[in-house]
Amino acid sequence: MYYKFSGFTQKLTGSAPATAYNPQGLRSGLPAESPTMIFATPTKLVSEAGATAEYMGANKVPDFQKLFQTSDGIPVHLKRGYPDRLLYRTTMALTIGGVAYCLVALYIAAQPNRK
């Protein structure tokens with residue numbers, strides 16, 4: 001027996017071999033058309049662009065290198081200030097909360113049923 005996914009019931013249903021081998025999302029017999037251009041200007045080929053690359057903003061890498069390479073005793077993952085501290089503390093709180101939840105669930109599952 002052959003099966004196919006029913007979009008109406010969201011389950012597998014029995015089907016004929018021809019419909020099982022032609023999924024709903026694929027249409028056979030339609031000619032392939034090139035998609036319409038969605039950009040305002042045509043794109044450049046690599047050979048036309050040249051060796052230089054244009055960026056939308058300033059290069060921030062040297063600033064970040066200065067920030068992260070200073071030896072001020074602060075760990076690298078906390079160097080950028082308050083947002084890093086908030087992210088670190090939230091991650092630690094969720095980790096400790098998840099461990100506590102698992103331990104409580106394990107303790108409850110190990111208890112015999114009381115009637």
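For the reader, a short list of remarks on this structure follows.
- Selection count, region 1-23, where residues are hydroxyl-bearing (Ser, Thr, Tyr), at pLDDT 75 or above and in a loop (DSSP other than H, G, I, E, B): 2
- Residue match in region 24-31 (condition: at negative phi, assigned to a helix (DSSP H, G or I) and either open to solvent by 80 Å² or more (accessible area, probe 1.4 Å) or modelled with pLDDT under 90 (or both)): no
- The residues of region 73-96 that are more than 30 Å from residue 63 (Cα to Cα) and open to solvent by less than 80 Å² (accessible area, probe 1.4 Å), listed by number, are 93, 95.
- Filtering 61, 99 for residues that are within 26 Å of the chain's Cα centre (by Cα) and exposed (fewer than 10 other Cβ atoms within 10 Å of the Cβ) leaves a single hit, 61.
The values are calculated or read from the model by the stated rules, or taken from the named source; none is laboratory data. Model, not experiment: these values are computed from the prediction. Please note: Cβ atoms are built from the backbone with ideal geometry, for glycine as well, and neighbour counts cover all protein chains shown. These accessible areas exclude ligands, DNA and RNA; they are computed on the full protein's heavy atoms, side chains included. Shrake-Rupley method; radii C 1.70, N 1.55, O 1.52, S 1.80 Å.
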